[in-house]
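For reference, the structure discussed in these notes is given below.
The values are calculated or read from the model by the stated rules, or taken from the named source; none is laboratory data. In this text, all values refer to a predicted model and were calculated from it rather than measured experimentally. Here the Cβ positions follow ideal geometry from the backbone for every residue, glycine too, while neighbour counts run over all protein chains shown.
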Amino acid sequence: MRFKVPELEYVRPDKPEVDFGYAAGSYMHRLLSDGGLSYEADVSALLVALGASHRHTVFVNVGANISYFPVLLGAVFGSRFEIHGFEPMPALHEMGVAGLLANGLVAESSAVALSSFVGTAEFHLSAQTDSSNSLNPTFRETKSVVEVEVSTLDEVFVRGVQSRSLADRLAGVGDSACLMVIDTESTEPDVLRGGSEMINRLRPHIVCEVLAGRTEARLQEIVDSHGYVPYRLTDDELVRQSSIVGDPTYSHRDWLFAPEELDTEIIRRYPVLVKAFQSTKVRNPSKKRPRSAAAAVARRLGLKR
């Protein structure tokens, strides 16, 4: 299942291809088969607009699932993006690693859940889809439970092994930035609580899922405490907001928490990029492709088709 990335003249002159065939057996594969790269086109558009504004970006994806965004952004930006993904569900993590390799990308991928503490915890595999697994036992009906390693953003990027090299790399590149996507099925506030020092030091742009009636109050407190600016993502524009209120229809769940007001060029590019991603379709959709090792893992663990 291959896609041509939309033409992005200010990023690279060609149209790179991305292959998500490695994710066969996952819920994400079904979404991509049905809608192409229109999946979360608003998030993809924002990440590309922000990434194109810097020579070097450290990208952190918490709740990476099949590594959709690491693969997409790696294809678009190449070595300009330093990618770190975190996905605790073993089969999805293996799929993500397989996908990065299949697309010729280099990235750090960790089978660790990020939260507000360091240790181990039960990770609840959803009976609904493999895209709604969570550390929160009450988020969805649980099909099964696996014990996973848990860490924090601060432990990894401030106090951990990667902290010194990350700080050095950001300091050594004049035009650099940190960009994050957090989608952990209702535990996003815990992830941010565990990254207070990282947020204060690196001031990343944070794309975060906001679930109506679940996480708004805690996210508002965190955003206010760091002096961040919230923007709501829609298909047409980035809407500056004073308060965080989730979309009750769940049509637009993602928000941007920005360390400062956005540059007008990013705001201008955003709707153009949304439409570009919405227009992508599967290349050669009828052509059968060989099953990957990651797909075999999915079948063994009973991931939804």
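Tell me, which residue of region 98-114 that is of a type in the set (A, V, I, L, M, F, W, C) and assigned to a loop (DSSP other than H, G, I, E, B) is surrounded by the most Cβ atoms within 10 Å (Cβ to Cβ)?
107
Tell me which residues, restricted to region 252-305, are out of contact with any Lys or Arg (no Cβ under 8 Å at 6 or more places or on another chain), among the polar types (S, T, N, Q) and either surrounded by fewer than 18 Cβ atoms within 10 Å (Cβ to Cβ) or at pLDDT below 90 (or both).
264, 279, 286, 292
For region 206-265, name all the residues that are under 25 Å from residue 276 (Cβ atoms), among the acidic types (Asp, Glu), outside any loop (DSSP other than H, G, I, E, B) and under 20 Å from the mean Cα position of the chain (by Cα).
Across region 206-265, the qualifying residues are 209, 254.
Please go through region 41-77 and pick out each residue that is in a helix (DSSP H, G or I) and more than 21 Å from residue 271 (Cβ to Cβ).
68, 70, 71, 74, 75
Tell me whether region 213-229 contains one or more residues that are touching a residue at least 40 places away in the same chain (Cβ under 8 Å) and surrounded by fewer than 20 Cβ atoms within 10 Å (Cβ to Cβ).
no
Please indicate, with yes or no, whether at least one residue in region 115-127 is assigned to a loop (DSSP other than H, G, I, E, B), free of Cβ contacts under 8 Å to residues at least 60 places away in the same chain and surrounded by fewer than 20 Cβ atoms within 10 Å (Cβ to Cβ).
Yes, region 115-127 contains at least one residue that is assigned to a loop (DSSP other than H, G, I, E, B), free of Cβ contacts under 8 Å to residues at least 60 places away in the same chain and surrounded by fewer than 20 Cβ atoms within 10 Å (Cβ to Cβ).
Does region 202-238 hold any residues that are of a type in the set (Ser, Thr, Tyr) and under 17 Å from residue 139 (Cα atoms), and which are they?
215
For region 78-97, name all the residues that are part of a helix (DSSP H, G or I), free of Cβ contacts under 8 Å to residues at least 40 places away in the same chain and crowded, with 23+ Cβ neighbours inside 10 Å.
The answer is 93, 96.
Within region 142-150, can one find any residue that is under 19 Å from the mean Cα position of the chain (by Cα) and not aromatic (Phe, Trp, Tyr)?
Yes, region 142-150 contains at least one residue that is under 19 Å from the mean Cα position of the chain (by Cα) and not aromatic (Phe, Trp, Tyr).
I'd like the full set of residues that are closer than 22 Å to residue 262 by Cα and over 15 Å from the mean Cα position of the chain (by Cα), limited to region 173-194.
Listed by number, the residues that qualify are 173, 174, 175, 176, 177.
Test each condition in (1) part of a helix (DSSP H, G or I); (2) closer than 18 Å to residue 103 by Cα; (3) of a type in the set (A, V, I, L, M, F, W, C) for residue 31 and report the one that comes out false.
Checking residue 31 against (1) part of a helix (DSSP H, G or I); (2) closer than 18 Å to residue 103 by Cα; (3) of a type in the set (A, V, I, L, M, F, W, C), the one that fails is (2).
Could we say that residue 280 is touching a residue at least 60 places away in the same chain (Cβ under 8 Å), under 28 Å from residue 76 (Cβ atoms), touching a Pro at 6+ places or on another chain (Cβ under 8 Å) and of a type in the set (S, T, N, Q) here?
In short, yes.
Taking region 189-230, which residues are in contact with an Asp or Glu (Cβ under 9 Å, 6 or more places away or on another chain) and of a type in the set (Ser, Thr, Tyr)?
Once the filter is applied, which keeps residues that are in contact with an Asp or Glu (Cβ under 9 Å, 6 or more places away or on another chain) and of a type in the set (Ser, Thr, Tyr), region 189-230 yields 196, 215, 228.
The rows are residues; the columns are (1) over 30 Å from residue 121 (Cβ atoms); (2) in contact with a Leu (Cβ under 9 Å, 6 or more places away or on another chain); (3) modelled with pLDDT under 95.
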position	(1), (2), (3)
15	yes, yes, yes
26	no, yes, no
39	no, yes, yes
59	no, yes, no
63	no, yes, no
74	no, yes, yes
82	no, yes, yes
87	no, no, no
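Which one is surrounded by the most Cβ atoms within 10 Å (Cβ to Cβ), of the residues in region 166-185 that are farther than 15 Å from residue 58 by Cβ and at pLDDT 95 or above?
Within region 166-185, the match that is surrounded by the most Cβ atoms within 10 Å (Cβ to Cβ) is 184.
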